[in-house]
1. Consider residue 183 carefully, then state whether it is open to solvent by less than 70 Å² (accessible area, probe 1.4 Å), assigned to a helix (DSSP H, G or I) and modelled with pLDDT under 95.
2. Restricting the first residue to region 197-209 and requiring it to be closer than 25 Å to residue 232 by Cβ and open to solvent by less than 10 Å² (accessible area, probe 1.4 Å), which pairs with a second residue that is of a type in the set (D, E, K, R) and outside any loop (DSSP other than H, G, I, E, B) meet a Cβ separation below 6 Å and a spacing of at least six or different chains?
3. Can you report the number of residues in region 158-180 which are within 18 Å of the chain's Cα centre (by Cα) and within 15 Å of residue 206 (Cβ to Cβ)?
4. In region 151-175, how many are surrounded by fewer than 16 Cβ atoms within 10 Å (Cβ to Cβ) and among the polar types (S, T, N, Q)?
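The values are calculated or read from the model by the stated rules, or taken from the named source; none is laboratory data. Quantities reported herein were computed from a predicted structural model and do not represent experimental measurements. Here the Cβ positions follow ideal geometry from the backbone for every residue, glycine too, while neighbour counts run over all protein chains shown. With ligands, DNA and RNA removed, areas are computed over all heavy atoms of the protein, side chains included. Shrake-Rupley method; radii C 1.70, N 1.55, O 1.52, S 1.80 Å.
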Amino acid sequence: MSKFLKLWLLPPLLAAYLINTAAAADDGVFKVTFDKSYSVTTVQLPNLCHHERAERFCTLMSNYFSRSFERELIMEQTANIDFDDPNFQGFNPVKARQNVFIFFLQNKTAPIASLYALCFQYFDGEEKSSRRKVVTFNFDIESERNLAFADLFEDSELAAMLIARKLEAHYQDTGSPFLPMLVTATEYRPTNFVVVEDGIRMFFAPGVVDPDESKMQSFKIELKDLMEAGPKAKWWPSLAAAEDDAKAKEEGAASAAAPAPAEHKQ
């Protein structure tokens, strides 16, 4: 993510607003289109983006996807130019297309606002998308910053290994040629995840972990399977509640087991 994007993403009040209104908002969606020199990007947004306090953020997010796609195209085509070719005709005249679907997720227990976006990209007038990707963001609404995976655990390297093993076991029978590469990348640093109340949910572009290219895949790793890595109670408040309950039970048991004070006789 660019430094510029980190600077303006989700001020705390807006993050709280999105969390509080996401569930109650109209389920409908609307689309905006950006027609640039070499690409056309259409972004589908939830209707809560029509609200005054969310509109600017949604517009910035839409611009981010549109500009990123245009920049990537220019960089790719520039890299492929043969400047010694006397018949060079310039960039591909057929505009590439991108469809982006943005979704907000509500976390009712932790100070986190999350969103994920599914991108389909089309080149050379093709009807079927040849490039698909998923992009996720998790925001700490108290510090106004994007959450990195390392912020979530006491031992983030162990957490990454645990998640990689779960992914490998869950998708090992799908026959995906990309699975070994995905597992290796996850061992290094998990990406495309959102924090949910009882674990972490990973997202994968269509066709990456499953041959079905018609839909995005997701897989939740339960919090109980990550306890060895020390998940932080700030992001999973249920851990603090469980610790308090356990402590209260221990104190109650200790109190019950303590001998009664000796009776004092005069």
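1. yes
2. 199/220; 199/222
3. 0
4. Total meeting the criteria: 2.
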